[in-house]
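See below for the structure under consideration.
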Amino acid sequence: MDRILVTGGAGFIGLNFVHHLVEHTEATVTVLDKLTYAASPEALAELSSDRVELVVGDVADASLVGRLVADHDTVVHFAAESHNDNSLADPSPFVHTNLVGTFTLLEAVRRSGARLHHVSTDEVYGDLELDDPQRFTEQTPYNPSSPYSSTKAGSDLLVRAWVRSFGIHATISNCSNNYGPWQHVEKFIPRQVTNVIDGGRPKLYGAGLNVRDWIHTEDHSSAVLAILERGRSGETYLIGADGERSNLDVVRQILRHVGRPEDDFDHVTDRAGHDLRYAIDSSKIRAELGWEPSYDDFEAGLAATIDWYVEHEAWWRPHKAATEAAYAAKGQ
Ligand code: NAD
Ligand code: DAU
């Protein structure tokens, strides 16, 4: 693991992972990123150019990807279109990046013999009832709901097929909802936090009873590194930090943190096909790889994240008005 190629390494989770690699390993890192609306290359600029190089390009560009993969021993694949609401408005880039992009990478890995880690989501498993005692495990059947989650499910199946049919050296992880610094203001927590900073009201889809299983992005990074260092080839690992909260609870906590009344929010039009609940059983990665999350207090992690958005207004401000205008046009 001397030379690591990180696709999507200028996005929210990818860039936090690149910072984690620089801090916790000796590896040199090449980021391949198309720099879509979701990218924050400025977050990489503070890292030494001796350790991190940014290549701007498309993960579905076979010639570029072939050259880059041939020059690295390890590939970590974060690049994706990641937002469910966008996938309902226009699924096309999701098919391109999540499916064709992953296929392109797999073919390059097949040729070069590099080791691949594919970063995926718990949404491939569909959703759970609020009172279901079961949580998702590595054995849960795939049942994705949205164009986003179906393209991620398809990408996982491609990886599994390339492992079985062509013997590539690959692992997969399926993680729950991340929060932390550098997440785009289109996503739930940054949207509500920046609404509140602007003196506006949080916007809850529907009744707000949907549950997400929150994990700090730093814990996602440490889990992916543990898989790279100790994971078994061909295996899938679920990543989660026992962080189940209803959306309503999260909004109330944000309002409490800034000293506003807990009912100072709006209910808005629900998401089509809105998954009700995600919940991860992460026993396998904990038992096999000895991984544990370090952010075990969601309230403290959320408070630190709110403070981060207060301090980094110059970064998110240019994206806020257009993001809110797009939501308003949909009644959200
Ligand atoms: P993001 O949207 O913040 O970042 C995605 C990055 O990929 C951006 O930098 C973008 O420019 C890049 N990208 C998009 N299309 C590309 C292409 N064709 N070629 C090269 N680069 C391209 O996403 P994120 O939230 O950081 O998610 C990263 C990965 O983690 C995704 O694979 C996602 O499915 C997975 N994941 C996300 C979460 C979450 O809570 N956000 C949870 C589990 C898994
Ligand atoms: O579970 C992992 C997934 O988590 C990742 O695979 C996705 O890439 C990531 O975007 C996230 O998907 P969600 O759809 O769960 O995240 P989002 O931030 O869009 O929404 C979280 C919850 O909040 C969801 O129930 C919808 C709701 N919501 C969202 C927004 C933007 C609101 O109630 N109001 C909002 O304004």
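Taking S173 as meeting all but one of (1) part of a strand (DSSP E or B); (2) near ligand 2 (Cβ under 10 Å from one of its atoms); (3) closer than 30 Å to L5 by Cβ; (4) not β-branched (V, I, T), write down the number of the exception.
That leaves (2) as the condition not met.
May I ask you to verify whether G240 is surrounded by 16 or more Cβ atoms within 10 Å (Cβ to Cβ), at pLDDT 95 or above and touching a Cys at 6+ places or on another chain (Cβ under 8 Å)?
yes
One line per residue, one yes/no per condition, for (1) in contact (Cβ under 8 Å) with a residue 40 or more places away in the chain; (2) farther than 22 Å from D270 by Cβ; (3) within 11 Å of ligand 1 (Cβ to nearest atom):
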position	(1), (2), (3)
E81	yes, no, yes
R111	yes, yes, no
A114	yes, yes, no
E129	yes, no, no
L157	no, yes, no
N177	yes, no, yes
W182	yes, yes, yes
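List, please: which pairs have Cβ atoms under 6 Å, are six or more places apart or on different chains, and start with a residue in the range 236-260 that is farther than 19 Å from D122 by Cβ and end with one that is open to solvent by 20 Å² or more (accessible area, probe 1.4 Å) and not in a strand (DSSP E or B)?
V251/F265; R252/E262; L255/E262; L255/D264; H257/A303
For the range 88-96, check the following and say yes or no: at least one residue is in contact (Cβ under 8 Å) with a residue 60 or more places away in the chain, surrounded by 18 or more Cβ atoms within 10 Å (Cβ to Cβ) and either within 11 Å of ligand 1 (Cβ to nearest atom) or on the phi < 0 side of the Ramachandran plot (or both).
Checking the range 88-96: not a single residue is in contact (Cβ under 8 Å) with a residue 60 or more places away in the chain, surrounded by 18 or more Cβ atoms within 10 Å (Cβ to Cβ) and either within 11 Å of ligand 1 (Cβ to nearest atom) or on the phi < 0 side of the Ramachandran plot (or both).
Within the range 190-218, restricting attention to residues that are open to solvent by 10 Å² or more (accessible area, probe 1.4 Å) and in contact with a Gly (Cβ under 7 Å, 6 or more places away or on another chain), which residue is nearest to ligand 1 (Cβ to nearest atom)?
By that ranking, first place goes to W214.
What helices (runs of 4 or more DSSP H), lying completely within the range 243-321, carry at least 3 residues that are within 26 Å of D132 (Cα to Cα) and open to solvent by less than 20 Å² (accessible area, probe 1.4 Å)?
By residue number, 247-257.
When the range 25-40 is examined, which residues are found to be more than 7 Å from ligand 1 (Cβ to nearest atom), within 22 Å of S120 (Cα to Cα) and open to solvent by 20 Å² or more (accessible area, probe 1.4 Å)?
Hit for the range 25-40 is Y37, nothing else.
Which one of the conditions (1) closer than 15 Å to E235 by Cα; (2) open to solvent by 20 Å² or more (accessible area, probe 1.4 Å); (3) touching a helix residue (DSSP H, G or I) at 6+ places or on another chain (Cβ under 7 Å) does P144 fail to meet, given that it meets all the rest?
Evaluating P144 over (1) closer than 15 Å to E235 by Cα; (2) open to solvent by 20 Å² or more (accessible area, probe 1.4 Å); (3) touching a helix residue (DSSP H, G or I) at 6+ places or on another chain (Cβ under 7 Å) leaves (1) as the failure.
The values are calculated or read from the model by the stated rules, or taken from the named source; none is laboratory data. Bear in mind that the values here come from a model prediction, so they are computed numbers and not experimental data. Backbone-built Cβ (ideal geometry, glycine too); neighbour counts: all protein chains shown. When the accessible area is computed, the model is the full protein with side chains, heavy atoms only, and any ligands, DNA or RNA have been set aside. Shrake-Rupley method; radii C 1.70, N 1.55, O 1.52, S 1.80 Å.
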